[in-house]
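To keep things clear, I will list the structure first and then write my remarks on it.
The values are calculated or read from the model by the stated rules, or taken from the named source; none is laboratory data. Not measured: the values here are computed from a predicted model. Here Cβ is always computed from backbone atoms with ideal geometry, including for glycine, and neighbour counts include all displayed protein chains. Accessible surface areas use protein heavy atoms only, side chains included; no ligands, DNA or RNA. Shrake-Rupley method; radii C 1.70, N 1.55, O 1.52, S 1.80 Å.
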Amino acid sequence: MNKLFTLLILSALSSFAVAQEEEEKKPLEIEAEFGLSTTSGNTSTQTFKSRLEVKQDLENWRNKYVLQSLFTRNEVEDDQGELVERTAAEKYFGSAQGDYKLNKDNAAFFIFGEYDRNRFSGFEYQYTVALGYSDRLFTTDNSYLSYNIGPGVTVIKEEDDETTGMEMEAEETFVVRFLVEYVYQISENSKFTQNINTNYSPDSDENTKTRAITALTAQLNSSFALRASFTVDYNSQVPEEREHADTETAVTIVYSF
């Protein structure tokens with residue numbers, strides 16, 4: 001992690017982008033993100049991605065709410081050779097965080113909660129609640145690096161075994177939530193963001209969940225932007241015959257108001 005901090009800091013210091021004056025913060029910011037892709041012919045697929053982010057900047061609180069989904073359908077041949085549509089990916093995620101401001105800068109006490117449902121991950125659901133301290137490690141004219149750290153609890157339930165009929169019980173685990181977010185304004189109309197967050201379990205036999213999101217956003221006009229992103233979801237402990245990492249590459253349209 002120290003190497004990551006060093007790389008990000010050197011990148012910011014060596015950049016030659018023109019610095020922007022900091023805009024006045026809005027009390028409410030809403031960002032809606034959509035992506036749709038379809039293929040036909042020898043392969044028929046439909047993929048839909050959506051994300052809604054709401055930020056509030058109040059007198060004593062900064063709040064952030066996120067809802068997102070991913071849904072993919074494929075057309076495949078069944079055992080009788082007939083074409084049928086089947087769901088290939090289905091993900092739902094929601095989170096909410098409230099930062100109680102401790103000063104006029106960026107230090108705050110945070111309360112966080114998230115719910116994650118990935119139909120093909122082997123988990124029926126995962127949710128986490130945490131609290132702790134948040135602040136910025138550094139701020140320049142065109143970039144900043146912020147972080148969150150604090151204790152929490154994760155509840156995980158694996159999918160029931162359809163073969164044996166065994167019902168899996170939800171398991172509760174103590175975790176330490178850690179997040180770093182780097183934002184770099186490349187130019188007036190483009191920015192780079194890197195978000196890495198993890199719910200770390202000190203117990204080696206318990207699951208540690210990590211998500212890394214890398215994105216490049218290009219502003220098309222005052223309301224619309226084009227975003228290319230790459231997401232990695234990693235679970236250290238997964239059910240049998242499941243992969244530890246899920247990746248997602250997307251190009252989406254973003255509408256801000």
Subject >> Heavy-atom accessible area ranking, 1.4 Å probe, most first, across ASP99, ASP205 >> reply: ASP205, ASP99
Subject >> Solvent-accessible area of LEU58 with every protein chain in place, 1.4 Å probe, in Å² to the nearest 10 >> reply: 80 Å²
**OP:** Give me the net charge of ALA218's neighbourhood, meaning all other residues with Cβ under 15 Å from the Cβ of ALA218; Lys, Arg count +1, Asp, Glu -1.
**Re:** -1
Original post:
Say each of GLU90 and GLU188 gets a label point 7 Å from the Cα, pointing the same way as Cα to Cβ; how far apart are those two points in nm?
Top reply: 4.7 nm
Subject >> Sulfur and carbon atoms: percent of accessible area, the range 155-257 [1.4 Å] >> reply: 51 percent
Original post:
Considering the range 163-218, what Rg and Dmax in Å follow from its alpha-carbon atoms?
Top reply: 18.0, 58
**OP:** Keeping every protein chain in place, order PHE230, PHE178 by accessible area at 1.4 Å, biggest value first, i.e. largest first.
**Re:** PHE230, PHE178
Original post:
Can you give the accessible area of VAL155 in Å² (nearest 10), computed on protein heavy atoms with a 1.4 Å probe?
Top reply: 10 Å²
Original post:
For the range 126-223, what is the accessible area per residue in Å², given a 1.4 Å probe and the full set of protein chains?
Top reply: 53 Å²
**OP:** With unit charges on the beta carbon (Lys/Arg positive, Asp/Glu negative), name the residue among SER187, VAL176, ILE213 whose Cα is farthest towards the positive pole of the charge dipole of the range 140-220.
**Re:** SER187
**OP:** Could you tell me what % of all Cα pairs in the range 130-257 have separations over 22 Å?
**Re:** 53 percent
**OP:** Taking all pairs of distinct Cα atoms, average 1/r, flip it, and tell me the Kirkwood hydrodynamic radius of the range 44-162 in Å to one decimal place.
**Re:** 17.3 Å
